[in-house]
Amino acid sequence: MANTYNVTEFIFLGLSPSQEVQRVCFVIFLLLYMAIVLGNFLIVLTVMTSRSLGSPMYFFLSYLSFVEICYSSTTAPKLISDLLVERKTISWWGCMTQLFFMHFFGGTEMSLLTVMAYDRYVAICKPLNYTTIMNQQVCMVLVAMAWVGGFLHSLAQILLIFQLPFCGPNVIDHYFCDVLPLLELSCSDTFFIGLLIVANGGTLNVISLSVLLTSYVVILLHLRTRSSEGRRKALSTCGSHITVVMLFFVPCVFIYLRPSTTLPADKMVAVFYTVITPLLNPVIYSLRNSEVKKAMKRLWTRMVKLDEK
């Protein structure tokens, strides 16, 4: 059921009412968004063009980087453009579209991080059968399941919000459309729908966290029998992934696994998981992974040679 009440647009309050602060933020967030797109695109390009990065781990990494670009693009361009205008508005349908794609790509990223944890479990605990278990067909199926999981999560969220009437006010104390600010604007009792929304997000979080924790507990137990050098090499491959998982899951748990109320800190936390985390992911994976750094250097060398010709 689409909204049939008198609200046809929403007004964002944005990050700050100060025009000077907004101008500074415009420059900062424009540079950050450009870095997100270029950094993650570089990882995708490096994995696609490098033969040394043909393992499932890098296959999943390239998809994660692609999802990061899409995820940040659902909010960052609107945020950046709004920093240049005094009245920050978005149509009702534009709000619903932004909400859908944000949760779609966010749910997909969460699922991909879970798949990557399973990949590390197989690589470390079943190294002799790794290429057999994680063959190309299995990898494609796991990626497809991640996309489907994100879609179903987002579809459930948007169908619940679609049922809410909005009859005023229409001012959102945020810089993008999300479920909790919209629940507060609805002119109906949102207690039950709020519980369903939290349950939907909670189910995805709980399943993902359960698989992640189980994978790494089993990995740590398995590493007790390895030599110190073997443990160091195995843990180095997991370190980047664990860091990214913490950067993504902790803010999401803070925002979505609590009663449906907004807090003053929500906007700053949202900046972290919509802008900072997608920016840090390529940095973490490139700086902590020698194979990725070597492949990037080879890619850069080939590009320089092509320019010279």
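The values are calculated or read from the model by the stated rules, or taken from the named source; none is laboratory data. Since the structure is predicted, the reported quantities are computational estimates derived from the model, not experimental observations. Here the Cβ is made from the backbone with ideal geometry for all residues, glycine too, and neighbour counts use every protein chain on show. When the accessible area is computed, the model is the full protein with side chains, heavy atoms only, and any ligands, DNA or RNA have been set aside. Shrake-Rupley method; radii C 1.70, N 1.55, O 1.52, S 1.80 Å.
Dipole orientation for the chain: of the candidates T49, F26, V271, T49 has the Cα lying most toward the positive pole (charges on Cβ; Lys, Arg +1; Asp, Glu -1).
How large is the charge dipole for region 1-155, taken about the Cα centre, if only the Cβ atoms of Lys, Arg (+1) and Asp, Glu (-1) carry charge, to the nearest 20 debye?
Details: 7 positive and 7 negative charges, 57 e Å.
The dipole of region 1-155 has a size of about 280 debye.
Using a Förster radius of 51 Å, what is the FRET efficiency between S188 and M145 based on their Cβ-Cβ separation? Nearest 0.05, please. Intermediate results must be reported in sequence, preceding the final value.
Values: r = 35 Å, r/R0 = 0.69.
So, using R0 = 51 Å, E works out to roughly 0.90.
Label positions at L299 and M48, each projected 7 Å from the Cα along the C-beta direction, are separated by 0.9 nm.
For the chain, the share of accessible area belonging to carbon and sulfur comes to 69 percent (1.4 Å probe, ligands and nucleic acids excluded).
In Å², and per residue, what accessible area does the chain have when probed at 1.4 Å with the other protein chains present?
Details: 15200 Å² over 309 residues.
Each residue of the chain exposes 49 Å² on average to a 1.4 Å probe.
Here the label points at F41 and T243, each 7 Å from Cα along the C-beta direction, are separated by 2.4 nm in the simple model. Amide H contacts for F12 (H built 1.01 Å from N in the peptide plane; partners 5 or more residues away or on another chain; cut-off under 5 Å): K88, T89, I90, I172.
Mean projection of the Cα convex hull over all viewing directions, computed for region 1-159: 11.7 nm². Net length available on complete extension from N170 to A199 is 7.9 nm, with 0.36 nm assigned per residue and the Cα-Cα distance removed.
Express the C-alpha Rg of the chain as a ratio against the empirical globular expectation 2.2 N^0.38 Å, rounded to two decimals. It would help to have the intermediate numbers written out before the result.
Working: Rg = 21.2 Å, N = 309, 2.2 N^0.38 = 19.4 Å.
After normalising by residue count via 2.2 N^0.38 Å, the value is 1.09.
For the chain, lysine pairs separated by 8 or more sequence positions, or belonging to different chains, with Cα-Cα distances below 16 Å total 5.
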